[in-house]
Amino acid sequence: MLRAFGLILVYCLMLLAWIAAGIFVVVMPRRFGNLLHENFALFPEVSSRDWGKKLFLRLAGVALLSFAARFIWGIRHLLQAAK
């Protein structure tokens, strides 16, 4: 039973990380884009007038949130099947 709690804890932490990252990207796309640019050089620098880059990043954030929702749905389905 203790191993199951450890597994549940890991999945909860992963879920919270996806939700936090998704909300961060949706709320502050300029900061996230510049974070990617400065640390990894994966994304061009985002200025305050770059609406296309901000839109792309917000869509990526919504994709992260939808992935987290799908993850919750899968866990719910597994728990219902276990009963």
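The values are calculated or read from the model by the stated rules, or taken from the named source; none is laboratory data. Note that the structure is predicted; figures quoted are calculated from it, not measured. Here the Cβ positions follow ideal geometry from the backbone for every residue, glycine too, while neighbour counts run over all protein chains shown.
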Qualifying position, being part of a helix (DSSP H, G or I), at negative phi and touching a residue at least 12 places away in the same chain (Cβ under 8 Å), among VAL10, VAL26: VAL26
Close pairs from region 65-83: first among the aliphatic types (A, V, I, L, M), partner at pLDDT 80 or above and assigned to a helix (DSSP H, G or I), Cβ under 6 Å, at least 6 apart: LEU65/GLY22; ALA68/LEU15; ALA68/TRP18; ALA68/ILE19
Some residue of region 43-57 being under 12 Å from the mean Cα position of the chain (by Cα), on the phi < 0 side of the Ramachandran plot, not in a loop (DSSP other than H, G, I, E, B) and not polar (S, T, N, Q): yes
